[in-house]
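As structure tokens, the structure follows; a few thoughts come after it.
Here, each number is a calculation from the coordinates, and none is a lab measurement. Small disclaimer: the values here were computed from a predicted structure and weren't measured. So basically every Cβ, Gly included, is an ideal-geometry build from the backbone, and we count neighbours across all protein chains shown.
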Amino acid sequence: MIELFKHILHLDFDWLFQNYSDIVYIILFLVIFIETGLVIMPFLPGDSLLFTAGLFARLGYLNMTYLLILLFIAAVLGDNVNYWIGRKIGLKILQVKFKGKKIIKEEYLSKTHTFFEKYGPKTIIMARFVPIVRTFAPFVAGVAEMNYKKFLSFDILGGAIWIGSLIFAGYFLGEIPWIRENIEKVALGIVCLSVLPIGIEIIKAKISKTKQ
């Protein structure tokens, strides 16, 4: 299990195909579901995983239709599980500690709250493209008892845009030889672009504090 987890984090699809064949679909489903569905697992490689999956679909290793449908279901299902965890037991989870430290960092929740305050319900869509915030947004929506019908409608739309855009990006850009030969560099670039909004917000916050 540890070996599998290590190869997932490194986006080692060649190893996954060699060892798990068609079960790769289930592994990808679980990674997306866990990242979006469990508030204590915000570090899984969602964006870069989707892009790389699209690239391997281009190379013929994965069926594009299965990929889009399964990962869309995983993204929406994960968010909804996370929402109801937040709504039913969210406040209790926030107090849980491991070795004297809370398992959910206050800074993660603070960043997600800032997103909600700035963008409102649109946060559910925009958060899909921001690591960490993506995991905490549905949880915070549940804790805040956001109207479920509104949450669900924005979540379905956001899930479709997130899954579709990144998988198709990997599929079409997979034609470029340099991208195929430098998957790790491309994945790192995607991660950097994904966290850019958080970096901008942090810089803005620091500038505003110095002006006060």
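Assorted remarks:
- Residue list for the range 141-155, filter: within 17 Å of PHE33 (Cα to Cα) and surrounded by fewer than 17 Cβ atoms within 10 Å (Cβ to Cβ): LEU152
- Tabulated pairs, the range 129-141, first in a loop (DSSP other than H, G, I, E, B), second among the small types (Gly, Ala, Ser) and surrounded by fewer than 22 Cβ atoms within 10 Å (Cβ to Cβ), C-beta under 7 angstrom, 6+ apart or interchain: VAL130/SER194; PRO131/SER194
Rundown of residues vs (1) among the aliphatic types (A, V, I, L, M); (2) crowded, with 19+ Cβ neighbours inside 10 Å, yes/no style:
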residue	(1), (2)
ASP22	no, no
ILE27	yes, no
GLY37	no, yes
ASP47	no, yes
MET64	yes, no
PHE72	no, no
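- One residue stands out among those in the range 49-62 that are aromatic (Phe, Trp, Tyr) and crowded, with 22+ Cβ neighbours inside 10 Å: the one that is nearest to ASP14 (Cα to Cα), which is PHE56.
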